[in-house]
Amino acid sequence: MLDVRISDLTQHDGAEVRLRGWLYNSRGKGKLLFLLLRDGSGICQCVVLRNEVGDEIFEEAKALTQESSVEVVGSVKLDERAPGGAEVKVSSMRVHQVAEAYPITKKEHGPGFLMDHRHLWLRSKRQMAILRIRHRVIQSFRNYLDQEGFFCVDSPVFTPNACEGTSTLFETNYFDTTAYLTQSGQLYAEASAMALGKVYCFGPTFRAEKSKTRRHLTEFWMLEPEFVYAGLTEVCDLAEGMIRYTLDNVLKHNQQDLIDLERDSAVLEGWNREFPRLRYDDAAKMLMEWKAEGKYESEFEPGDDLGAPDETMLGEHYGCPVMVTHWPAEVKAFYMKRAEDDPTKALGVDIIAPTAGEIVGGAVREDDHDVLKQRVLDHGLPLEAFQWYLDLRKFGSVPHGGFGIGLERTVSWITGVEHVRECIPFPRTLQRIYP
Ligand code: 4AD
Ligand code: MG
């Protein structure tokens, strides 16, 4: 028997195939029954006729409940009107389990209820589409970097020190000492880059963020390329290339998912152009003008970090991701190198995407030992824990840089899903660690 996944059905017109999945929905009238079967790759309409399958199978099919697990055998028929472009005319069927009354139905459920049932909610059309696009984004990031000659070298999760400020650290017992869950793999990626030249790490990162916004998780996935002989231009070019490649790939391979999400492909196509690059000072000037003209409200003053409304304004103004560079050093991390023409500015870049806000944070790293040591001290960080990091500046220090891209923020941006909690299978937030 030919086992076929629903996404491949259109390649098997006329063939006798077996589908193995779960009942998504069914409807019927008299001697005719339509079973909508899902198998994770798509949803297929299976037609059951009493005259063809006999009374026993017909009655069994009719009694199937939502999410019952079932195998059907039948012949494939291409049909443009059918979801996915093909339907299956059933000849036989085998039921594995008739599901109990499924808690998630067609009626509206509140976000709290859905989140409590996240282990089941994942089976909904929209959630499956998000997960498939999430997969495509990961695959695209990796493919792009592989093509560019990067090696994947992972960083540890247990660390002895902070990377992105001490206020969002998760502390944990580590035998007779204290460890912190990593906030970013960057510092270790810098060490790996000094070994292999071009590297990236990709893993879960943790922030004890007290923020209850639609953009914050306490556990999120971040991909972090790091490479040597990189200035700000090289860092920006790499990020732009990778993001545009990702948009292309999603457009190429995830059309049905975009349809399921009611996401217009034209929106994604519109973003796929050269990303404007501007300095923080110029961005600040525009924001202050818009504020004065009453175009939006914000507490932003030049010198401040950007808040959500400021990011939204910039994203809307350009209608595609924008790169903001040359940040006031005070609002950025200790490891950033300062601009040669203005030492009050850090050579950092944030990429602000329309509606999603900041999706990338990157920088050129300080490569001078003494300057970096002073920064560690100025930031009140424990010198002992950073000794190994400072060593990198003693043994063949070179200019280098990289960035971190938040996976869930990127997925939320591409899919148009408002909240990042839907962009990770099992979200961890300020208020949630179940299921
Ligand atoms: O800007 P961040 O803090 O940069 C770093 O961690 C650098 N060490 C990265 C590097 O240069 N290697 O975080 C990078 C990205 C953000 O732009 C955002 O997309 C995501 O990580 N991010 C979060 N995503 C979800 N929930 C949170 N609480 C996040 N905090 C950051
Ligand atoms: Mg940032």
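For the range 325-332, indicate whether the set of residues that are in a helix (DSSP H, G or I), open to solvent by less than 30 Å² (accessible area, probe 1.4 Å) and of a type outside the set (S, T, N, Q) is non-empty. So far as the range 325-332 goes, yes, one or more of its residues are in a helix (DSSP H, G or I), open to solvent by less than 30 Å² (accessible area, probe 1.4 Å) and of a type outside the set (S, T, N, Q). Scanning the range 139-166 for residues that are open to solvent by less than 50 Å² (accessible area, probe 1.4 Å) and more than 14 Å from ligand 1 (Cβ to nearest atom) turns up SER140, TYR144, GLY149.
To keep it simple, each residue is scored yes or no on (1) modelled with pLDDT of 95 or more; (2) open to solvent by 10 Å² or more (accessible area, probe 1.4 Å).
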{"site": "TRP388", "(1), (2)": "yes, yes"}
{"site": "GLY396", "(1), (2)": "yes, yes"}
{"site": "GLY401", "(1), (2)": "yes, no"}
{"site": "ILE405", "(1), (2)": "yes, no"}
{"site": "VAL420", "(1), (2)": "yes, no"}
{"site": "PHE426", "(1), (2)": "yes, yes"}
{"site": "ARG432", "(1), (2)": "no, yes"}
{"site": "PRO435", "(1), (2)": "yes, yes"}
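Can you pull out the residues in the range 295-309 that are under 11 Å from TYR280 (Cβ atoms) and surrounded by 14 or more Cβ atoms within 10 Å (Cβ to Cβ)? Selection gives ASP304, ASP305, LEU306.
Of the candidates ALA339, ALA353, ALA329, ALA363, the single residue that is in contact with a Leu (Cβ under 8 Å, 6 or more places away or on another chain), modelled with pLDDT of 95 or more, within 16 Å of ligand 2 (Cβ to nearest atom) and under 27 Å from GLU274 (Cα atoms) is ALA363. The residue that is farthest from ligand 1 (Cβ to nearest atom), among those in the range 185-211 that are open to solvent by 10 Å² or more (accessible area, probe 1.4 Å), small (Gly, Ala, Ser) and outside any helix (DSSP H, G or I), is GLY197. Restrict the check to the range 46-63 and report whether at least one residue is open to solvent by less than 60 Å² (accessible area, probe 1.4 Å), out of contact with any Gly (no Cβ under 7 Å at 6 or more places or on another chain) and under 19 Å from TRP121 (Cα atoms). No, the range 46-63 contains no residue that is open to solvent by less than 60 Å² (accessible area, probe 1.4 Å), out of contact with any Gly (no Cβ under 7 Å at 6 or more places or on another chain) and under 19 Å from TRP121 (Cα atoms). Restricted to the range 345-433, the set of helices (runs of 4 or more DSSP H) holding at least 1 residues that are of a type in the set (Phe, Trp, Tyr) comprises 387-391, 407-415.
The values are calculated or read from the model by the stated rules, or taken from the named source; none is laboratory data. Bear in mind the structure is a predicted one, so any value in this text is a computation, not a measurement. We place every Cβ from the backbone using ideal geometry, glycine too, and count neighbours over all the protein chains shown. SASA here: full protein model, heavy atoms, side chains in, ligands and nucleic acids out. Shrake-Rupley method; radii C 1.70, N 1.55, O 1.52, S 1.80 Å.
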